[in-house]
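The values are calculated or read from the model by the stated rules, or taken from the named source; none is laboratory data. Bear in mind that the values here come from a model prediction, so they are computed numbers and not experimental data. FYI the Cβ positions are ideal-geometry reconstructions off the backbone, even for glycines, and counts take in every protein chain you see. The area values use the complete protein model at the heavy-atom level, side chains included, leaving out ligands, DNA and RNA. Shrake-Rupley method; radii C 1.70, N 1.55, O 1.52, S 1.80 Å.
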Amino acid sequence: MIQFNRCSARRPPSEDRDLLLRTRMLELANDRRRFGSPRLHELLRREELVQNHKRTERIYQEENLSLRTRKRVKRPSHARIVQAGPAGPDEQWAMDFVSDSLMGGRRIRILTIADLWDRSSPALEVDMSLPGVRVVRVLERLRLQGRLPQRIKVDNVLPTKSTHCVRQKYPVGAF
């Protein structure tokens, strides 16, 4: 008789208790390739093969069934319309407000008007507050200088009162 420590003696591995579950999971995974572990578990639970989701996940990983994450394709939410740029000077202007703060903490606002043809700036108006009447006054001063655009492009940053005042003064096709 050979003398060795009985701690080193191991019993033979038992037969796979999960063999039926493994084969059925592989069949379901082949039929439904985009199903992950939770959805396969639900199908197996309906067939009364499993109760514990941890057992399903363990076998799922042992069989290397993990899904590769797809790179998301970013699609536009709606069809984009490319707007034609201006064909000459004073055809289309852009108008926007810019704000900044001084070292003392006071905020200043700047009304910027830019000609989109040559990126020049017909007017810059700087003050602590720029109400709609002031915006109309700047546009009127430009009109008296002989500079009046066919269209003015305004984004949604322009305050509503200013837009309302400007629309009352230049109602027909200016915007």
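Filtered by the rule that a residue be crowded, with 16+ Cβ neighbours inside 10 Å and either at pLDDT 90 or above or under 33 Å from the mean Cα position of the chain (by Cα) (or both), the stretch 155-165 gives L158, S162, T163. Just one of P86, P76 is of a type outside the set (G, A, S), in contact (Cβ under 8 Å) with a residue 24 or more places away in the chain, in a loop (DSSP other than H, G, I, E, B) and closer than 30 Å to R151 by Cβ; which is it? The unique qualifying residue is P86. The residues of the stretch 106-145 that are assigned to a loop (DSSP other than H, G, I, E, B) and either open to solvent by 60 Å² or more (accessible area, probe 1.4 Å) or at pLDDT below 90 (or both), listed by number, are R106, W117, D118, R119, S121, M128, S129, L130, P131, Q145. Per the listing D18, D115, D90, the residue uniquely of a type in the set (D, E) and touching a strand residue (DSSP E or B) at 6+ places or on another chain (Cβ under 6 Å) is D115. Would you be able to say whether some residue in the stretch 26-36 is within 30 Å of A114 (Cβ to Cβ), without any contact (Cβ under 8 Å) to a residue 60 or more places away in the chain and of a type in the set (G, A, S)? No, every residue in the stretch 26-36 fails to be within 30 Å of A114 (Cβ to Cβ), without any contact (Cβ under 8 Å) to a residue 60 or more places away in the chain and of a type in the set (G, A, S). Would a scan of the stretch 67-84 turn up a residue that is within 33 Å of the chain's Cα centre (by Cα) and closer than 30 Å to E140 by Cα? Yes, there is a match, as at least one residue in the stretch 67-84 is within 33 Å of the chain's Cα centre (by Cα) and closer than 30 Å to E140 by Cα. Among the residues of the stretch 20-48, the ones that are assigned to a helix (DSSP H, G or I) and open to solvent by less than 100 Å² (accessible area, probe 1.4 Å) come to 17 in all. Quick check, is Q92 in contact with a Leu (Cβ under 6 Å, 6 or more places away or on another chain) and among the polar types (S, T, N, Q)? So Q92 passes the test. Would you confirm, using the coordinates I've provided, whether V172 is at pLDDT 60 or above and either within 19 Å of V98 (Cβ to Cβ) or not in a helix (DSSP H, G or I) (or both)? Taking the combined requirement at face value, the residue does not satisfy it. Residues that are among the small types (G, A, S) and either open to solvent by 90 Å² or more (accessible area, probe 1.4 Å) or under 30 Å from D118 (Cα atoms) (or both) within the stretch 60-91 comprise S77, A79, A84, G85, A87, G88, listed in sequence order. Taking the conditions (1) open to solvent by less than 70 Å² (accessible area, probe 1.4 Å); (2) more than 15 Å from E27 (Cα to Cα) in turn, Q51 satisfies each one other than (1).
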